[in-house]
Amino acid sequence: MASISLDSPVVQSYILYSAILALKMLALATLTGLTRMSKGVFSNPEDVALKSKGKIKFDDPDVERVRRAHLNDLENIPAFWVLGALYASTAPAAAWATLLFRAYAAGRVLHTLVYAVKPLPQPARALAYFVPYVIMWYMGIQVVLHYFSAL
């Protein structure tokens, strides 16, 4: 059985990239607010008072793009946190695990950039989504294979 220790390079790498991803999600929440303020469109009546000539609007394309990117993070990054922690418990090679965690985080950051910050035509967003998605599947399958005898 693998020993989980904060001194482990795998665990340290997991913690580092998990923190980067959490900060990225927080940044998207901030970007949503900033986009609303710059466009003067809000979803709540009390927020309209924050900006003169502000209005309630639920379908501004720029705000909705940032919100969808944030929602995409909320749908995908928690799965990484679970699968990454479970994967770390399988005692993977430190260099390989670090590469997976790094590639996942880089892919998610790139996904945000090409989706919410500077939209690019497909397949940019699809590739930025697909690479981290495959990494999660790989880690999940490795966890199942490692602990399969528990069945």
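The values are calculated or read from the model by the stated rules, or taken from the named source; none is laboratory data. This structure is a prediction, so every number in the text was calculated from the model and none was measured. Because the Cβ atoms are built from the backbone with ideal geometry, glycine has one as well, and the counts that use them run over all protein chains shown. Accessible surface is based on the protein model in full, side chains and every heavy atom, while ligands, DNA and RNA are left aside. Shrake-Rupley method; radii C 1.70, N 1.55, O 1.52, S 1.80 Å.
Model label points for Asp7 and Met37, set 7 angstrom from Cα along the Cα-to-Cβ axis, are 4.6 nm apart. Can you find, among Tyr138, Ser89, Ile20, the residue farthest towards the positive end of the dipole of the chain? Put +1 on the C-beta of Lys and Arg, -1 on that of Asp and Glu. Selected residue: Ile20. With all protein chains kept in place, the per residue accessible area of the chain amounts to 59 square angstrom at a probe of 1.4 angstrom. If you take the square roots of the eigenvalues of the alpha-carbon gyration tensor of region 1-61 and sort them as a ≥ b ≥ c, do you get rounded (a/c under 1.5), prolate (a/b over b/c) or oblate? Because a/c hits 1.5 or more and a/b exceeds b/c, region 1-61 counts as prolate. Only protein heavy atoms count here; on that basis, with a 1.4 Å probe, Arg65 has an accessible area of about 70 Å².
All other residues whose Cβ lies under 13 angstrom from that of Ile135 are scored, Lys and Arg at +1 and Asp and Glu at -1, for a net of +2.
Between Leu113 and Lys53, the modelled label-to-label distance comes to 3.4 nm, taking each label 7 Å out from Cα in the direction of the beta carbon. Remark: the Leu127-Ala19 segment gains 36.6 nm on full extension, using 0.36 nm per residue and subtracting the alpha carbon distance. Mean residue ellipticity at 222 nm, helices only, the chain: -24000 deg cm²/dmol; runs of at least 4 DSSP H residues each add -39,500 (n - 2.57), and the sum is divided by the number of residues. Evaluated with a Cβ-only charge set (Lys, Arg +1; Asp, Glu -1), the chain carries a dipole of roughly 540 debye about its Cα centre, given to the nearest 20. How large is log10 I(q)/I(0) at q = 0.09, 0.19, 0.20 Å⁻¹ when the Debye formula is applied to the Cα atoms of the chain, each weighted equally and without solvent? So the normalised log intensities work out to -0.37, -1.06, -1.13. For His146, His70, the ranking by accessible surface with the largest value first comes to His146, His70, using a 1.4 Å probe.
Annotation: amide H of Phe42 within the under-5 Å range of Lys55, Ile56, Lys57, sequence separation 5 or more or interchain, hydrogens built in the peptide plane.
Applying a DSSP loop filter and a limit of 13 other Cβ atoms within 10 Å to the chymotrypsin sites (Phe, Trp or Tyr not before Pro) in region 1-88 leaves Phe58. Of the chymotrypsin sites (Phe, Trp or Tyr not before Pro) found in region 90-151, those in coil by DSSP whose Cβ has at most 16 other Cβ atoms within 10 Å are Tyr147.
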